[in-house]
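Inspection log for the structure reproduced underneath, given as structure tokens.
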Amino acid sequence: MAKKQLNTSVIFFIGALGGLLFGFDTGIISGASPLIETNFQLNVEQTAFITSSVLIGSSVGALSIGPLSDKFGRKKLLIVASILFLIGSTMSMLAVGFVSMIVARIILGLAVGSASALTPAYLAELADAPHRGSLGTMFQLMLTFGILMAYVSNLGFLHHNLLGMRDWRWMLGSALIPALILFFGSIVLPESPRYLVEKGNIDEARSVLNNLRKNNPDEDPEKELKEIQLVANQPHGGIKELFTIARPAVIVAVGLMFLQQLVGINSVIYFLPQVFIKAFSFPEGDAIWISVFIGVVNFLCTVVAYKIMDKFDRKKILLFGSIVMALAIGILSVLNFTMNVKQVAVPTIILIAFYILGFAVSWGPIAWLMIGEIFPLNVRGIGASIGSAANWIGNFIVSQFFLVLLDAFHNNIGGPFGVFTFFAILSIFFVIYVVPETRGKTLEDIELEMRKKQGEKIK
């Protein structure tokens, strides 16, 4: 009975912790990897592989967790993800060399990939239609907070070898705290009412919905339950369903997730200190502080997104973000090709901050929000998995080729950011012509509209 009495804010906070761990484990390696390289006497290629090996596990985790969550439920798989976070964080902290670190990072990747596919769908299925935008944005808000906390952890533990353990071990081990909160929190979280209905547990679904909507007199849990039952009566989804009725959702999800990465966001998250060290000859300490500043901007702008997400159409917010990003990094590219390096350093920091603003209020949260919204119930888990996997593939492309592009342009960041500008412009047309509007609609309304457009009669 305890889970039914949980405050709804607590439910959404715990549910979104997967996003915090996603961000933390993404950001923490930027500060720890140079220290690990020195400690283990690694070459550059080995250090780079430690950074990118998490993407291997993430892709596998993202693709596999969806079908499993459709079969066993969102709640149980969140518990599994939290256990993987605990195992991966502990192994990272205690790694004794290159191989053990790679194994730990791949396990962490499984956890991160699982969380990235599970959490958006879980939050979308718990939220009511009027507030789904802001509640779904909690995933990205926690993600950016996790990145910021990783940067702070890097600074806090740097050069502090406590209890005979190296500083980088404490950096990586600090992820155990949110992982433990997610583990114990997941145990008391309610299962998704939509999953419960699909499995025939109507009374339990009714109880969960009544608890979730108890503070919102404008919502009718019984009406919502009947709408869910109508959609849940559709045949169980599979690959055929995914690429017939749900094909438009697949195109939108994959496009959103690829473009979210190809506009270059993780070149900033992963490599910003290296950019200012290599391109502008900044001291290492100053470069790390710039990354902290950008992390603060990223988090604060995501707070703004949380506040506005239910007040403006998704498409309008995406278009705003695309235009701001294209202008910011387009101008950045031109300045870096036409001005002296010393003159352009400060304008580059300012333009990257505007780029982050454009991303954080739009493409950052909405891409994750929409992969939890646009898929039919009976393929929502596997659909979110495909969208999340597309994100990790795009992430891999950017992280593998950014430094290569930077080197090809002789450490002039105008080159790689010029490429990102092209994709930012492309994203404008993708939003206008492909992305549907989902604000204010129930998940069932979105599904019924999709089925109607595809010419299927609801049974």
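Bear in mind that the values in this text are calculations on the coordinates, not laboratory data. Predicted model only: the values in this text are computed from it and were never measured. Every residue, glycine as well, gets a Cβ built from its backbone with ideal geometry; the counts of neighbours run over all protein chains shown.
Distance between the pseudo-spin-label points of Gln343 and Ile425 (7 Å out from Cα toward the beta carbon): 2.4 nm. Measuring from a point 7 Å past the Cα of Ile187 along Cα-to-C-beta, which residues in region 86-114 have an amide N at less than 20 Å? Within reach of a label on Ile187, which here means backbone N under 20 Å from a point 7 Å along Cα→Cβ, region 86-114 contributes 86-90. Sorted on the mean count of surrounding Cβ atoms within 10 Å across their residues, most packed first, peptides 116-122, 388-394 read 116-122, 388-394. Here Ile350 and Ile251 are evaluated by their C-beta separation; at R0 = 45 Å the FRET efficiency comes out at 0.80. Charged side chains reduced to their Cβ positions (Lys and Arg at +1, Asp and Glu at -1) give the chain a dipole of some 480 debye around its Cα centre.
Helical runs (DSSP H, four residues minimum) scored at -39500 (n - 2.57) apiece and divided by the length of the chain put the mean residue ellipticity at 222 nm at -26000 deg cm²/dmol.
If you fit an axis through the alpha-carbon atoms of helix 98-126 and take the longest principal axis of the Cα set of the chain, what angle between them do you get, 0 to 90°, nearest 10? Approximately 40 degrees, to the nearest ten. With both labels modelled 7 Å from their Cα along Cα-to-Cβ, the Asn7 to Thr38 distance reads 4.4 nm.
Could you compute Rg(Cα) / (2.2 N^0.38 Å) for region 321-459, with N its residue count? Please list the in-between numbers first.
Values: Rg = 19.0 Å, N = 139, 2.2 N^0.38 = 14.3 Å.
Cα Rg divided by the expected 2.2 N^0.38 Å: 1.32.
Segment Lys441..Thr244, full-extension length gain: 68.7 nm, with 0.36 nm per residue of separation and the alpha-carbon distance subtracted. Estimated at 0.36 nm per residue, the fully extended path between Val96 and Gln400 surpasses their Cα-Cα distance by 106.9 nm. Do the alpha carbons of any pairs in Lys71/Lys226; Lys75/Lys223; Lys315/Lys342; Lys199/Lys316; Lys307/Lys342 sit beyond 32 Å of each other, and which pairs? In this structure, Lys315/Lys342; Lys199/Lys316; Lys307/Lys342 lie more than 32 Å apart at Cα. Cα centroids of region 89-109 and region 371-404: 24 Å apart.
Reducing region 143-190 and region 310-363 to their Cα centroids gives an inter-centroid distance of 30 Å.
Evaluate E = 1/(1 + (r/R0)^6) for Ile87 and Leu300, where r is the Cβ-Cβ distance and R0 equals 30 Å; express this FRET efficiency to the nearest 0.05. FRET efficiency, Ile87 to Leu300: 0.35.
Taking Cβ atoms as reference points and 13 Å as the exclusive limit, the residues near Ser174 contribute a net charge of -1, counting Lys and Arg as +1 and Asp and Glu as -1.
Rounded to 0.05, the FRET efficiency of the Lys452 and Asp220 pair, given R0 = 22 Å and the Cβ-Cβ distance, is 0.40. How far apart, in nm, are two points set 7 Å out from the Cα along the Cα-to-Cβ line at Leu335 and at Ile308? Spacing of the two 7 Å Cα→Cβ label points: 2.2 nm. Specify whether the C-alpha gyration tensor of region 155-283 places it in the rounded, prolate or oblate class, a ≥ b ≥ c being the square roots of the eigenvalues: rounded for a/c under 1.5, otherwise prolate if a/b is larger than b/c and oblate if not. Because a/c hits 1.5 or more and a/b fails to exceed b/c, region 155-283 counts as oblate.
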